[in-house]
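Contents: one structure, followed by commentary.
The values are calculated or read from the model by the stated rules, or taken from the named source; none is laboratory data. Because the structure is predicted, anything quoted here is derived from the model rather than measured. Cβ placement follows ideal geometry from the backbone for every residue including glycine, while neighbour counts extend to all protein chains displayed. Heavy atoms of the whole protein, side chains included, go into the accessibility calculation; ligands, DNA and RNA do not. Shrake-Rupley method; radii C 1.70, N 1.55, O 1.52, S 1.80 Å.
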Amino acid sequence: MKQWLATAFLVILLGLVIFTTLSEKDEGEQQKSSANQEAGMVAPNAPDGLKVGEQAPDFSLNTLNGETVQLSDYRGKKVFLNYWATWCPPCRDEMPEIQSFHEDYGDEVVILAVNGTGTEKKIEDVDQFVREGGYTFPILLDEELKINQTYQILSIPTTYFIGTDGVIQEPRIVGPMTYEMMEKKKDALK
């Protein structure tokens, strides 16, 4: 009888540990999802993002230099629309690759690097990161996270590939790009 009670007690204890662990994990994922939505890093009800064949939504943003840039200004050119933040390690990792690509193919492809400025601690962090990295492609500031919402950015970095006709012509890349990936996307755009 004592053995049976001890076994039952251990089974109940093990069940409580498993239940508590799973509950904490689920609660943590819900809190993370809510925090990402509040930060604007997850677009609600937008699991798939914009699709190939859709017209790229036009927008107007300021650059770090204070200039105003509008996507439609680049109609007739191939555009890589890259969404990133300074606090994002994969974003930081891909920036030198983007710079090298820009130096080699800047006359063929416009890089518009849209910073999720609304998620940054301060705008000076963006400026310092760009200066220290020597990045020369346009850095646009999404201070109100409108582009994040419009382009249904689920995680960063995310890059959309827009053809000369202003249409998204290639599937977006979620995650860091390599130089070789960018070359393939460049060649695929019309």
State whether the residues of the range 7-23 include one that is part of a loop (DSSP other than H, G, I, E, B), open to solvent by less than 90 Å² (accessible area, probe 1.4 Å), hydroxyl-bearing (Ser, Thr, Tyr) and at pLDDT 55 or above.
-> no
Mind listing whichever residues of the range 79-101 are surrounded by 20 or more Cβ atoms within 10 Å (Cβ to Cβ) and out of contact with any Asp or Glu (no Cβ under 7 Å at 6 or more places or on another chain)?
-> Val79, Phe80, Leu81, Asn82, Tyr83, Trp84, Cys91, Glu94, Met95, Ile98, Phe101
By residue number, the members of the range 167-185 that are surrounded by fewer than 16 Cβ atoms within 10 Å (Cβ to Cβ), in a strand (DSSP E or B) and over 10 Å from the mean Cα position of the chain (by Cα) are Val167, Pro171
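To keep it simple, each residue is scored yes or no on (1) modelled with pLDDT of 50 or more; (2) open to solvent by less than 60 Å² (accessible area, probe 1.4 Å).
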{"position": "Gln31", "(1), (2)": "no, no"}
{"position": "Asn36", "(1), (2)": "no, yes"}
{"position": "Pro47", "(1), (2)": "yes, no"}
{"position": "Glu54", "(1), (2)": "yes, no"}
{"position": "Ser60", "(1), (2)": "yes, no"}
{"position": "Arg75", "(1), (2)": "yes, no"}
Tally of residues being touching a residue at least 12 places away in the same chain (Cβ under 8 Å), open to solvent by 40 Å² or more (accessible area, probe 1.4 Å) and assigned to a helix (DSSP H, G or I) across the range 119-162 = 6
Matching residues in the range 140-166 - criterion: being at positive phi and under 13 Å from the mean Cα position of the chain (by Cα) | Leu145, Gln152
